[in-house]
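The values are calculated or read from the model by the stated rules, or taken from the named source; none is laboratory data. Small disclaimer: the values here were computed from a predicted structure and weren't measured. Because the Cβ atoms are built from the backbone with ideal geometry, glycine has one as well, and the counts that use them run over all protein chains shown. In case anyone asks, the SASA skips ligands and DNA or RNA and just uses the protein heavy atoms, side chains included. Shrake-Rupley method; radii C 1.70, N 1.55, O 1.52, S 1.80 Å.
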Amino acid sequence: MSDKIEYAKILASRLHKDVVYGGGLNMLNQVQRTAELVSKSGADEATVIAAWLHKCQEAKRISPEAAPLELDFVRKHFGDKVAQIVKEVSSEPEEKEGQTKKEQWEEKSEWAKGLSKEAQTILLAEKVCNFEVSRDKPNPKKPLPWHLEYFDTRMIMVNQIGKANPYLKELAVKTKEEGIQAIQAKLALQKALDKQNG
């Protein structure tokens, strides 16, 4: 591991310390898994570094003890390419009130289509990570059918930008299919128990 990747890893550990999201999942684990997937996908060093820092400007994903990283800081320590990728990934459009989830993800997918291959690679890795979590540890605060919609809406983006990294697209499709099967099995069990309990 290069010194720059190690430094990005240290920064991510500080930024996301003790931050949880969804059903109590650890934000640092999500960032780490995304970076691992990007690295395994054959991406260059700048993209791996940007994957470690891809949530560095998202205030709600950062520990109260830390502060979002300025792009100038990222540029100074990691170079122009890393700063540009981080800037791209951090520019995701906000969800608009009144939109359906499908409409929101269609808009996000159009945005993602205009990004660099490197930024798209990080987004694909993030979706794989999201699918793995929904497959293995679905948010207990959400009803099971919600997770099926989750897979379908996020796949809109995967299909839109999948050419950026075929390895990650294939992994996303595989993980999504496994996740749907897992949720459907839970639904079937739930239905059987409801019937049994009358």
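Here Gly23 fulfils each of the conditions (1) modelled with pLDDT of 90 or more; (2) out of contact with any Asp or Glu (no Cβ under 8 Å at 6 or more places or on another chain); (3) under 30 Å from Pro143 (Cα atoms) apart from (1).
The helices (runs of 4 or more DSSP H) falling completely within segment 64-132 that include 2 or more residues that are modelled with pLDDT of 95 or more, of a type outside the set (A, V, I, L, M) and farther than 18 Å from Ala35 by Cα map to 71-78, 101-113.
Looking at Lys102, Lys191, Lys169, can you tell me which residue is open to solvent by 60 Å² or more (accessible area, probe 1.4 Å) and in contact with a Gly (Cβ under 7 Å, 6 or more places away or on another chain)? If you could, list the steps in order and put the result at the bottom.
Values: Lys102 fails: in contact with a Gly (Cβ under 7 Å, 6 or more places away or on another chain); Lys191 fails: in contact with a Gly (Cβ under 7 Å, 6 or more places away or on another chain).
Among Lys102, Lys191, Lys169, only Lys169 is open to solvent by 60 Å² or more (accessible area, probe 1.4 Å) and in contact with a Gly (Cβ under 7 Å, 6 or more places away or on another chain).
Can you name the condition, by its number, that Glu92 falls short on among (1) within 28 Å of Ser2 (Cβ to Cβ); (2) open to solvent by less than 10 Å² (accessible area, probe 1.4 Å)? Checking Glu92 against (1) within 28 Å of Ser2 (Cβ to Cβ); (2) open to solvent by less than 10 Å² (accessible area, probe 1.4 Å), the one that fails is (2). Note on segment 26-41: residues that are outside any helix (DSSP H, G or I) and modelled with pLDDT of 95 or more amount to 1. So is Lys174 out of contact with any strand residue (DSSP E or B) (no Cβ under 8 Å at 6 or more places or on another chain) and not in a helix (DSSP H, G or I) or not? No; evaluated as a whole, the condition is false for this residue. Whether any residue in segment 53-62 is surrounded by 15 or more Cβ atoms within 10 Å (Cβ to Cβ) and assigned to a helix (DSSP H, G or I) is what I want to check. Yes, that holds for at least one residue.
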